[in-house]
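Reviewing the structure listed below.
Every read-out reported here was derived from the displayed coordinates using simple, explicitly stated rules and does not represent laboratory data. Quick caveat, the model's predicted, so the values are computed rather than measured. Neighbour counts are summed over all protein chains in view; Cβ atoms, including those assigned to glycine, are modelled from backbone coordinates with ideal geometry.
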Amino acid sequence: MKRIAQKSGNGKRKVKDINEQFLSGGIDVKVELIQSLIPLGLLYVEEVLQNEVAALAGLRYSRADGPKRHVRWGSQGGYVNLGGQRVAVDVPRILNRESGKVNFPDAYHFLQETRAMDDRVFARILGGISCRRYEESAELVPAALGLSASNVSRKFVKESAKALEEFRNRPLDSVDIIAIFLDGKTFAGDQMVIALGIDMEGRKIPLGFTQTATENAKACSEFLSGLVERGLKYEEGVLVVIDGAKGLRKAVKNTFGDKAIVQRCQWHKRENVVSYLTKPQQATFRKKLQNAYNKPDYKEAKAAIEHVAKELKLLNESALASLNEGLEETLTLHRLGLYDKLGTSFKTTNCIESINSQVGRITDRVSHWKNSNHKQRWLATALMNIEPRLKRVKGFKYLPIMRHALIREAMGSENRTTESVAA
């Protein structure tokens, strides 16, 4: 703890005083620390709960003289609050022999409470997570809990390595994927292209990721082929939602062929178009394009966009070229007759961008990435950590209708290809 205090420069005495306050604090102070670190906090929760059980009921299998007032009484599923999010945990129980009551450790109740980030003692020690002194935080927390920092660090490396291995290799043949979102997240100059699957129940399932400098076709094709090798099924057709990156689009074509029905993100298309316009013009055409896309009927939406295109032709031909590029793929849901039922979930890449935002709450705390394995371990751990808490997509009850539409579309592509070969 002294070494951490010495690093803090002019605030040395203040940090030292607060550190002493932590070391002498009760369980509520320690819980504040736990709730401030994700995913490291997950590794400490069990330690705190088991320590309290041991204090009351003794060490497991110990044979102390005389009957004990408290004894271990199995465990039960529960949750703790880490960083404002509920996380499922296995909670040990304790039987009070005198009263006959079965209780949870007191620490468990503290861990369930939601505390505002601004009020956390953690922020007062290190000036807030925004200071990005993550390594100091990682050393401070185990010390405050009476744990060895080096042991905890090794434990996290080991556990995150296991998470990465599990995430890379878990089979996909048992999940019925109907849609895939593809998008990249930046990690210190690298792109981690993430694939998020949507199954027939509307559940969001992170399928995998690949590390690449850019979203290039070769790397992304190999990545998607790897998902197929792990059992990903797409023969009945799959909706693939992308932001319009050419490398991703080519990779989707290379891997899935005509079985991939592509929906280009309408938000990205709209913003790309208006970026060519002056500031006063942007708001007007952003509204016009959005109104056009909001028409659920394909012909009406297409006609409205064509009307906007005529205006752009006179105003800015570069904006017009941007609008025409891949335009038809922004209307895929309209063409399939699904826009009014599933447009909210599938017309943009918001679904996977929300995942990236949740991942960022964990990974953005790291100020220095040591190597590729460091990045991939954290990303795999973050994705597996948030997966159980992901909500189903809106309109999931209409996914069987989408399945039939995709089958018709895929079969239509096959027939067109056969006719072209015969000709």
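Using 0.36 nm times the number of residues separating residue 389 and residue 373, minus their current alpha carbon distance, what extension gain do you get? Working shown, then result.
Numbers: separation 16, 0.36 × 16 = 5.76 nm, distance 2.54 nm.
Contour length minus the Cα-Cα distance gives 3.2 nm.
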Kindly list the residues of segment 192-218 that lie in the label zone of residue 176, defined by a backbone N under 13 Å from the point 7 Å along the Cα-to-C-beta vector.
199-203
By the C-alpha gyration tensor axes a ≥ b ≥ c (rounded if a/c is under 1.5, else prolate when a/b exceeds b/c, else oblate), the shape of segment 167-415 is oblate
Rounded if a/c is under 1.5, else prolate if a/b is larger than b/c, else oblate: which is segment 269-423, with a ≥ b ≥ c the root eigenvalues of its Cα gyration tensor?
oblate
Taking loop as defined by DSSP and a crowding limit of 15 other beta carbons within 10 Å, which GluC sites (Glu not before Pro) in segment 157-263 fit?
201, 235, 236
